[in-house]
Every structure is written in structure tokens, then in C-alpha cells.
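The structure appears right after this line, and notes come after that.
The values are calculated or read from the model by the stated rules, or taken from the named source; none is laboratory data. Just so you know, these numbers come straight off a predicted model, no measurement behind them. When we count neighbours, we look across all protein chains shown, and the Cβ atoms used for this are built from the backbone with ideal geometry, even at glycine. Heavy atoms of the whole protein, side chains included, go into the accessibility calculation; ligands, DNA and RNA do not. Shrake-Rupley method; radii C 1.70, N 1.55, O 1.52, S 1.80 Å.
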Amino acid sequence: SYDRGATVAGVVGVGRLITGMDRGLQGMCVNERRHLIVPPHLGYGSIGVAGLIPPDATLYFDVVMLDIWNKDDKLQITTLSKPEHCNRTVENSDFVRYHYNGTLLDGTPFDSSYSKDSTYDTYVGTGWLIKGMDQGLLGMCAGEKRSIIIPPFLAYGEKGYGTVIPPQASLVFSVLLVDFHNPKDGVFLEHLEVPESCKRRAVTGDFVRYHYNGTLMDGTLFDSSYSRNNTYNTYIGKGYIIPGMDQGLQGVCVGERRRVVVPPHLAYGENGAGNKIPGSAVLIFDVHIIDFHNPADPVEIETVYRPEGCNVTTRDRDFVRYHYNCSLLDGTKLFSSHDYEKPQEVTLGTNRVIEGLNSGLLNMCAGERRVLIIPPHLGHGESGARGVPGSAVLRFEVELISMEEGVPEGYLFIWHGDPPANLYEQMDLNKDGEIPADEFSTFIKTQVVEGKGRLMPSSDPEKVIADMFRNQDRNQDGKITSEELKLKSDEDQEKIHEEL
């Protein structure tokens with residue numbers, strides 16, 4: 001048979017072979033070698049074969065068994081390894097991606113996907129595969145390894161295939177299923193960890209900050225936000241990310257951990273992406289939601305404690321002292337006033353604190369405690385600040401220690417009634433026709449003590465009075481003349497007149 005370059009194929013024990021061969025092949029295993037000595041009466045007898053085998057010849061055969069099969073054979077499937085978790089197995093009409101090594105029954109290799117450095121990708125149960133593979137892939141889990149032995153009538157039959165698969169050859173496939181999906185699949189969600197308290201869930205139009213690990217179904221990592229030490233920040237439901245993630249992030253809670261399994265038609269499709277995401281790949285995202293907000297969100301205010309008999313509350317321009325703890329929604333501590341010797345101080349409405357904190361401190365009583373949830377557009381915005389990530393939602397725990405009534409914007413001092421008609425003469429304490437800084441300071445302090453007016457509240461009233469004097473000393477010669485002294489209300493009227 002070696003001279004002919006073709007194996008011999010035949011059915012044993014049905015009289016199609018000489019009796020000696022029929023008997024000599026019985027009980028042989030694949031790859032077994034036998035030396036058969038066939039006497040004439042079990043060979044070609046007294047007749048022989050004209051021109052080839054003389055009459056009454058004893059025949060010697062050196063035989064190696066390459067393949068055995070029976071018409072009643074079925075697939076032989078052996079599971080070599082299987083993942084612990086398997087949510088779903090292959091069914092007809094699924095699209096599969098798998099690696100394989102293909103050999104004949106004697107171990108001769110004829111093909112391998114590994115040598116091509118790419119998986120074999122096809123539909124199951126639609127006639128695109130030989131019948132044996134169509135059947136042999138059914139019921140597999142992603143990541144499972146199988147050995148599938150296919151008889152020739154479920155493979156390439158009497159004709160074989162090209163020069164690599166002989167006629168009537170049984171095939172052995174060692175298969176690793178990399179992933180699979182169905183064109184009808186949607187996004188699959190697995191809720192790994194959901195916080196007990198979830199006041200709100202994300203919806204289309206929300207801006208979400210999350211960490212993620214992205215893997216293929218075989219566990220290969222293709223991307224991770226953790227490796228960049230930055231969250232992934234995006235709007236959901238608006239087409240900024242792959243459709244599967246747009247859908248998969250709907251309804252998340254702050255702090256939730258969720259697994260999102262995305263079929264390729266909702267990810268990067270047949271083409272894949274870059275050199276890390278193959279075509280037709282199912283993607284698995286393990287996400288951790290850090291926070292989310294909507295650009296229309298106001299400050300969320302929760303009153304933790306409010307004293308009884310609270311009649312006076314903070315207003316714009318009031319001077320307040322307060323303690324605070326500031327953190328991210330995932331609990332990461334950022335800043336605290338308790339790290340300093342005294343409480344924080346600010347005049348409300350003077351742009352000295354972020355807008356959300358300013359509004360959250362309004363209408364508070366002394367002693368009141370609040371929790372403020374501040375969206376980034378009322379906090380530090382897309383750019384963030386030192387120690388604050390961009391687009392971060394902030395959580396403030398605030399306690400109002402004290403408050404002082406403020407003055408209107410642009411004023412450093414206001415009268416509680418009408419100012420004196422002869423203001424300059426009263427302010428000129430030694431009646432020498434000019435008012436130096438010490439006289440000005442003494443006069444203003446007297447008005448405050450007598451309750452006739454009040455300064456803009458500040459931790460340093462001397463500085464406020466110094467600013468007032470500087471404003472009135474228009475030529476900066478260290479004294480105020482009668483021509484220089486003007487009330488703020490009069491100055492405002494002059495400006496209006498000039499504009500007109």
C-alpha cells in the first residue's frame with residue numbers, strides 16, 4: 001500500500017477480505033503493528049493471483065492499523081476541563097469562536113487553528129460545519145475543553161478532504177471554546193454587589209464615573225481603568241459608549257458592582273477593535289460605580305439635626321462659621337475643617353466657596369447639621385481641583401457653629417437708620433477739618449457699639465474699617481476731607497447719573 005500512496009480500507013469479517021486477513025485483523029488497536037503469516041488455504045489457495053501470487057503460496061503481511069470505525073458508531077465526546085461557573089451552553093444557531101487541533105485517529109495532525117493564530121468562528125447547527133462538529137460543540141461552556149472523535153460518515157466520508165484527510169478517516173478534534181453568543185442575545189447583567197441604600201438609579205442622560213476591568217470570555221484582560229488610576233467618565237444612553245454598555249449601566253446605584261456581558265453586535269462587531277479585541281468577541285465588563293449625576297441636578301440637602309425654636313436662619317451675605325467633612329460618594333475622605341484650629345469662616349454669596357456649598361449653607365440655624373450632595377457643575381466641575389477628581393460628586397457633612405448678619409453686596413458698613421445729616425462734622429472728632437485713620441476708626445466703632453450701624457461681618461473688623469478708610473481717602477494722602485467723604489448710596493446715584 002505504501003507504493004500506491006494510499007491506505008487500504010475495508011469491512012472486516014463479512015467476506016470481502018481473504019480469510020487470513022479477516023482473522024488477522026480481528027482485535028487490533030489503532031497504531032498496533034502485526035506480522036501476519038497466512039497459509040495458502042487462508043489466502044489465495046491453489047489458484048493464486050495470476051502474475052502476482054503463485055499457487056499454494058504462503059503470504060506475509062506487515063500491517064499497521066490506522067483507523068477503525070463501525071457504522072453504528074456515534075460521536076465520542078470527552079470533557080477534558082470545564083469552568084466552575086457556566087451560565088449558559090452552546091445551542092443550535094449560536095455563533096462560536098473556538099481553537100482546535102485536528103488529527104487522524106492514529107495521531108497524524110491535519111489542521112490547527114493555533115497555527116493560524118486565530119480562532120475558528122462559525123455558526124453551529126446551520127450546516128456550516130461537518131455534522132460531527134455541529135453535534136460535538138452543543139452543550140459546551142465558554143472555556144470548556146473537549147476531545148471529540150468523529151466517525152467518517154459524520155465527517156468527510158468516502159471522499160476525504162484534499163490531501164490531508166484520507167477517505168473513510170475518523171477525525172479527532174481537541175477543542176477549546178473561547179466564547180459564543182446568539183445574534184438574538186441582549187446584554188446580560190449580573191448584580192455582584194448592590195448597596196443596601198440606593199436612593200436613586202442612573203438613567204439616560206446621567207453622567208457616570210466608574211472603574212472597570214474588561215475581559216474576553218476566556219478571561220483575557222483587554223482593558224482596565226484601574227491600570228490608568230482614573231475612572232471612566234461618560235454620559236449613558238446617548239451613544240458615547242458601545243451600545244451594550246449604554247444599556248448595561250442603566251439603573252446602577254452609586255457603589256454598585258455589576259458584571260455586564262455584551263455580545264459582539266452590541267460591542268465592536270465582526271471587526272473587533274485594535275489588537276486586543278478580536279472580531280465577533282463577547283466582552284465582559286466588571287464595573288464599580290463611583291458616582292453619577294445629571295447636569296440638571298440641584299444640591300441635595302438632608303437635614304440631620306435642627307435645633308428647636310429655630311427662628312433666625314442664614315441668608316446671602318451673612319458671615320458664618322461652620323465645621324465640615326468632605327468626601328467622595330465612595331467614602332474617600334478629602335478634606336475636613338477639624339484638621340485645623342478653628343472652624344471655616346466665609347461670607348455667603350462672595351464666591352469664596354463652591355456654589356453648591358454656598359447654597360447648602362443658606363437657611364441654616366446655628367447648631368444645625370446637614371448632609372449636602374453636590375454635583376460637579378456646582379462643585380469643582382470637569383477639571384476638579386487639587387485632591388478632587390474631575391466631574392466628582394461631593395458629599396459634605398456640615399455643622400453651622402455661628403452666624404452674623406451681613407450687609408448688601410458692595411457695602412462694608414450700613415446704617416440701621418438714616419445717617420447723621422452732618423456726618424463729616426461728627427466724624428471730625430477734634431474739629432480740625434480733616435479726618436485721619438484713627439478718628440475714622442474710633443467713629444465707626446462707636447456707631448457699631450451704640451447700635452446705629454454694623455460692619456460687614458468678618459473675623460478681622462480692623463481690616464474692614466481700614467478698607468472703608470482707604471475707599472474714602474480718594475487721593476491716598478492719609479486723611480479724608482469733606483469733599484472726599486461720600487456715602488455708598490450717593491456714589492451709586494452719581495454712577496447712574498453718569499451712565500444716563
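Per residue, how big is the convex hull of segment 261-381 when only Cα atoms are used? Give it in Å³.
Working: hull volume 20.4 nm³, N = 121.
Once divided by residue count, the hull of segment 261-381 is 169 Å³.
Could you check how much of the accessible area of the chain is carbon and sulfur, as a whole percent, using a 1.4 Å probe?
On the way: 13850 of 28120 Å².
That fraction is 49 percent.
Rounded to the nearest 500 deg cm²/dmol, what is the calculated helix-only ellipticity per residue at 222 nm for the chain, with -39500 (n - 2.57) per DSSP H run of length n ≥ 4? Walk me through the numbers before you get to the answer.
Working: 8 runs with 67 residues, N = 500.
Result for the chain: -3500 deg cm²/dmol, rounded to the nearest 500.
Would you pull out the residues with amide H under 5 Å of Met364's amide H, same chain only if 5 or more places away, H placed 1.01 Å from N?
Sorted by chain and number, the residues that satisfy this are Thr314.
Per residue and in cubic angstrom, what volume does the convex hull of the Cα atoms of segment 97-256 have? Let's see the in-between values first.
On the way: hull volume 24.1 nm³, N = 160.
That works out to 151 Å³ per residue.
For segment 368-421, report the translational diffusion coefficient in µm²/s to the nearest whole number, using Stokes-Einstein at 4 °C, 1.567 mPa s, and a Kirkwood Rh over Cα pairs. Walk me through the numbers on the way to the answer.
Numbers: Rh = 14.8 Å.
D, rounded to a whole number, is 88 µm²/s.
Provide the per-residue ³J(HN,Hα) series for segment 95-106, in order, calculated from phi with Karplus coefficients 6.51, -1.76, 1.60 and θ = phi - 60°, each as a whole number of Hz, with x at glycine and proline positions.
Each residue's phi maps through the Karplus curve to give 9, 10, 10, 9, 9, 8, 10, x, 10, 6, 5, 8 Hz.
Are there cysteines in the chain with no second cysteine's Cβ under 4.7 Å away, and if so, which?
Cys29, Cys326 - these cysteines have no disulfide-compatible partner (Cβ-Cβ under 4.7 Å) in the chain.
Provide the convex hull volume over Cα atoms per residue for segment 75-129, in Å³. Walk me through the numbers before you get to the answer.
Numbers: hull volume 7.1 nm³, N = 55.
So the per-residue Cα hull volume is 130 Å³.
Where does each of 337-348, 194-205 land if you order them by average Cβ count within 10 Å, highest first?
Values: 337-348: 14.2, 194-205: 12.5.
Going by the mean number of other Cβ atoms within 10 Å, highest first, we get 337-348, 194-205.
Any idea what % of Cα-Cα pairs in segment 196-262 are farther than 20 Å? Before the final figure, lay out the partial values.
On the way: 636 of 2211 pairs.
It works out to 29 percent of all Cα pairs.
Please list, in chain and number order, the residues 5+ apart from Asn182 or on another chain whose amide H is under 5 Å from its amide H, with Hs placed from the backbone.
Phe95
Evaluate the distance, in nm, between pseudo-label points positioned 7 Å from the Cα of Tyr424 and of Leu17 along their respective Cα→Cβ axes.
13.4 nm
Work out how much length Val164 to Ser459 would gain on full extension: take 0.36 nm times their residue separation and subtract the Cα-Cα distance, in nm to one decimal.
Working: separation 295, 0.36 × 295 = 106.20 nm, distance 9.22 nm.
Extending this stretch completely gives an extra 97.0 nm.
Which log10 I(q)/I(0) values, to two decimals, does segment 413-499 give at q = 0.11 Å⁻¹ under the Debye formula with one point per Cα?
Summing over Cα pairs of segment 413-499 leads to -0.30.
Taking just the C-alpha trace of segment 2-65, give me its Rg and Dmax in Å.
In Å, with Rg to one decimal and Dmax whole: 12.3, 33.
Step by step: find N for segment 76-181, compute 2.2 N^0.38 Å, then divide the Cα radius of gyration by it. What's the final number?
Numbers: Rg = 13.3 Å, N = 106, 2.2 N^0.38 = 12.9 Å.
After normalising by residue count via 2.2 N^0.38 Å, the value is 1.03.
Can you run phi through the Karplus equation (6.51, -1.76, 1.60; θ = phi - 60°) for segment 264-277 and list ³J(HN,Hα) in whole Hz, with x for Gly and Pro?
With coefficients 6.51, -1.76 and 1.60, one gets x, 5, 10, 10, 10, x, 5, 8, x, 8, x, 9, 10, 10 Hz.
Residues of the chain: accessible area per residue at 1.4 Å, in Å²? Don't jump to the answer; show the numbers that get you there.
Details: 28120 Å² over 500 residues.
Heavy-atom SASA per residue in the chain reads 56 Å².
So if we plug the beta-carbon distance of His35 and Leu221 into 1/(1 + (r/R0)^6) with R0 = 56 Å, what FRET efficiency do we get, rounded to 0.05? Could you put the intermediate results ahead of the total?
On the way: r = 56 Å, r/R0 = 1.01.
According to the calculation, E is roughly 0.50.
About its Cα centre, how strong a charge dipole does the chain have in debye, to the nearest 20, once Lys and Arg get +1 and Asp and Glu get -1 at the Cβ? All intermediate terms of the calculation are to be shown ahead of the outcome.
Details: 48 positive and 70 negative charges, 645 e Å.
For the chain, the charge dipole is close to 3100 debye.
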